[in-house]
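Following: one structure in structure tokens, then a few remarks.
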Amino acid sequence: MEPKIRYVTSADGVRIALHTLGRGRPCVIVPTMWLTSGAVYWHVPETRANLSRLAERHLIAQYDSRGYGLSDHDAGDYSLDARLSDLVAVVESLGAQQVDLVAIAQAGATAISYAATYPDRVSRLILADTLARGRDIVRPPRQRALRHLLEFAW
């Protein structure tokens with residue numbers, strides 16, 4: 001079974017590609033901003049099997065970040081507020097009272113912001129390998145050293 005693809009429009013007019021599969025309470029997978037597309041996940045056998053299993057009891061909703069995948073590529077604003085607006089549009093389009101949110105890596109700040117702003121709309125917040133603030137990624141000594149190396153000799 002293949003996911004259905006449709007588009008939702010964020011508050012600033014950016015069209016966001018939304019991939020859905022299954023039925024039940026929505027489980028929204030918040031995208032990282034790094035060149036990912038919901039369509040790509042379905043070509044990885046292990047990921048496809050996991051998402052298909054989840055879709056037996058949930059409506060799996062993945063969406064492409066603004067500027068990536070099937071979403072509008074000319075979005076000029078990539079701020080946290082803009083990404084939060086995209087998630088708001090996705091959740092509203094699902095028509096559910098509550099959703100589960102799953103966020104990995106850089107998607108954490110968006111999911112945390114949504115849960116803090118709309119606590120009654122979030123049933124479960126699942127965070128993996130993530131952080132609340134972007135500046136936290138450069139605080140550990142190894143990350144600072146790597147950042148300086150990249151700046152010096154990219």
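Figures for the structure shown
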{"item": "Label-point separation in nm, residue 78 to residue 105, each point 7 Å along Cα→Cβ", "result": "1.3"}
{"item": "Inter-site label distance for residue 25 and residue 145 at 7 Å from Cα along Cβ, in nm", "result": "4.5"}
{"item": "Against the rule of thumb 2.2 N^0.38 Å, how large the Cα Rg of the range 26-90 comes out", "result": "1.18"}
{"item": "Three-way shape call for the range 14-125 based on the alpha-carbon gyration tensor, with the a/c threshold at 1.5", "result": "oblate"}
{"item": "Inter-probe distance in nm under a simple model that places probes 7 Å from Cα toward Cβ, at residue 39 and residue 56", "result": "2.9"}
{"item": "Theoretical gain in end-to-end length, residue 92 to residue 46 [0.36 nm per residue, Cα-Cα removed]", "result": "13.6 nm"}
{"item": "For residue 122, distant residues with modelled amide H under 5 Å away", "result": "99"}
{"item": "Mean Cβ count within 10 Å, highest first, over the residues of peptides 56-63, 9-16", "result": "56-63, 9-16"}
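Read-outs throughout are calculated quantities, based only on the coordinates presented, and are distinct from any laboratory measurement. Being a predicted model, the structure only gives us computed values, none of them experimental. Virtual Cβ from ideal backbone geometry, glycine too; neighbours counted across all protein chains shown.
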